[in-house]
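Here the structure comes first, spelled out in structure tokens, and everything after it is commentary.
Read the figures in this text as sums done on the coordinates, not as results from a lab. Owing to the predicted nature of the structure, the values given are computational and were not obtained by experimental measurement. Glycine also receives a Cβ, built like all others from the backbone with ideal geometry; neighbour counts cover every protein chain displayed.
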There are 2 protein chains.
Amino acid sequence: MQLSPDHLRALDEQGYLFLPSRFTPEEVGILREHRERIFAMERAEVVREKGSAVPRTAFACQTYDEAYRRLARHPRLVDPVVQILGGPVYMHQFKINAKAAFEGDQWQWHQDYGTWVNDDRMPEPRAMNISVFLDDVTPFNGPLMIIPGSHRAGTLRASHDTTTTSYPLWTLDHATVRALADRGGLVAPTGPAGSMLMFHCNIVHASPANMSPWDRNIVYLSLNRTDNAIRQFTRPEYIAHRDFTPIVPLADDTLQMLAREEAVTA
Amino acid sequence: MQLSPDHLRALDEQGYLFLPSRFTPEEVGILREHRERIFAMERAEVVREKGSAVPRTAFACQTYDEAYRRLARHPRLVDPVVQILGGPVYMHQFKINAKAAFEGDQWQWHQDYGTWVNDDRMPEPRAMNISVFLDDVTPFNGPLMIIPGSHRAGTLRASHDTTTTSYPLWTLDHATVRALADRGGLVAPTGPAGSMLMFHCNIVHASPANMSPWDRNIVYLSLNRTDNAIRQFTRPEYIAHRDFTPIVPLADDTLQMLAREEAVTA
């Protein structure tokens, strides 16, 4: 899949692009089935909410689950990022953020590149996030909040927050967020399961807790140019990957095929 | 101010009614000025967020502030409630909920009447909330989330939550909230400062934390029929009032007059 000139312009100006309903219900179905199996696993990659057994994040599940192995090489996700970054990419991070009904906790205001440069010594912000909604995302179940245009502020000073939630993050101070939001406003892209959201690694974003009775699972691919590979390996390999092999996309029907194979064998 | 037949029908069916921009910028201005003074006070009525100096709630400020004394007897607020409840009313509770930028914490899922019957022995759910937005309320700064029609479920079993936030509340369990929201959905009325929101004392509602850089102050009047006065006085008087005198509304321009007097003396 290639992005149109309008898409490219919006992404350049706003720092994000929302593409509703790009994966079919059948494709979302197989991803949801496999997500259930993953979150039932007891392994280091599956992180729980602070002081709770409720799942928060499943890291690197493309390395231990077939549906997510295919999603991590899906042309609808990889091709647009290669198009924007202008060169081959590898997977820097891959995760499902669960944001469970009633229990899913917030993610504080941050830029992803803030963590990648501080913790992983990624040389330049030449990386991109692209995500797939596994559930309908509404204003009520903890949608991502984005400050449009904030990627143009460059990489902002951040502090290492190791206490607020169960996952350490380099977060921004209130004055910085206020100044950017007073200028750019806030948006929270919402839409049906199967929608895609792309955003620049310097976009300022956060997400509130999920108080609703509905889960809000989103898969995030963080793709980085192979010539921009990280230089420092302080985080676990399942959080900051060290395999810099360029991704070769699979066929567009790879998830459909898996869904049908599993339907036959079930 | 009297409600129209359409308003009455909506309130009866949905359990809430949103009336945008019913107070003018001048009226909101005087309320905002006085709110600042109130939250600067150190007194028992002004409750802070858990483990923080950030203001959460100013109770009973109609008893120690002139602008809020007038608001508590404002005909745009009192008349519609008298109309709905069909008899004279007194003030059961009066408060500003601050929901401060970045820091304002959540209110868990609850019915107000759950607390009023359990803590205060209010005989019947013949009371009503009516509120005024002192700031623009957006999807981002912690709007009230309401389950439309949930007031028809009656008074639901609740548990006393004394740990989640700084204010004890009788809250509902997840299964109850899920069943109601799967049927009725969720709404979060948003609109400019000066808007009014009325809701039944048995409506199921909650509000998320405010992660945005913008405050979200709302004044809440809880009006109760004088013949439905509370029977038990376990909570402080500034939280559950014991003066059951019927409210006689002031003139419609009472806040406008105060704004002009203070402008002259300033």
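Here are some notes:
- Between the listed residues B:234, A:78, A:218, the Cα displaced farthest toward the positive end of the dipole of the protein assembly as shown, a dipole computed from Cβ unit charges relative to the Cα centre, is found at B:234.
- Built from the Cα atoms of the protein assembly as shown, the convex hull projects on average onto 26.5 nm², one quarter of its surface area.
- Mean projected area (nm²) of the alpha-carbon convex hull when the range A:89-129 is viewed from all directions: 3.7
- Compared with the rule-of-thumb size 2.2 N^0.38 Å for a compact globular protein, the range B:30-105 has a Cα radius of gyration ratio of 1.24.
- DSSP-assigned coil residues among GluC sites (Glu not before Pro) in the range A:16-69, each with at most 12 further Cβ atoms within 10 Å: A:42
- Using every pair of distinct Cα positions in the range B:135-228, the Kirkwood expression returns a hydrodynamic radius of 14.9 angstrom.
- Per-residue ellipticity at 222 nm computed for chain A from its helices equals -8500 deg cm²/dmol, with DSSP H segments shorter than 4 residues left out and the rest contributing -39,500 (n - 2.57).
- At full extension, residue B:173 and residue B:9 could sit 56.1 nm farther apart than now, given 0.36 nm per residue minus the alpha carbon distance.
- Put simply, the C-alpha atoms of the range A:53-163 give a gyration tensor, and the ellipsoid matching it has half-axes of 22, 21, 15 Å, longest first.
- Each of B:262, B:103 was scored by other Cβ atoms within 10 Å of its Cβ. Arranged with the fewest first, they read B:262, B:103.
- Relative contact order %, chain B, counting alpha carbon pairs below 8 Å whose residues are six or more apart: 33
- Candidate lysines for bridging to residue A:95, where Cα separation is under 24 Å - those fewer than 8 sequence places away on the same chain excluded: A:50
- Note on chain A: Cα-only Rg and Dmax are 17.3, 56 Å.
- Averaged over peptide B:178-185, the number of partner chain Cβ atoms lying within 10 Å of each residue's Cβ comes to 2.
- Radius 13 Å from Cβ of residue A:126, net charge of other residues (Lys, Arg +1; Asp, Glu -1): -2
- In nanometres and ascending order, the distances from the residue B:53 label point to those of the other copies are 4.2 (point 7 Å from Cα along Cα→Cβ).
- Kirkwood Rh in Å, taken over all unlike Cα pairs in the range A:25-69: 11.0
- J(HN,Hα) series, the range B:224-234, from Karplus relation 6.51 cos²θ - 1.76 cosθ + 1.60, nearest Hz, glycine and proline x: 10, 5, 4, 7, 10, 4, 5, 10, 9, 10, 8
- Per-residue average of Cβ from other chains inside 10 Å of B:131-141: 2
- Computed over all pairs of different Cα atoms, the Kirkwood value for the hydrodynamic radius of the range B:199-266 is 16.5 Å.
- Evaluated at q = 0.16 Å⁻¹: base-10 log I(q)/I(0), Debye formula over Cα of the range B:108-154: -0.61
- The range B:24-96 and the range A:1-64 have their alpha-carbon centroids 44 Å apart.
- Each other copy places its own label point for residue A:118 at 4.0 nm from this one, sorted shortest first, where the point lies 7 Å along the Cα-to-beta carbon line.
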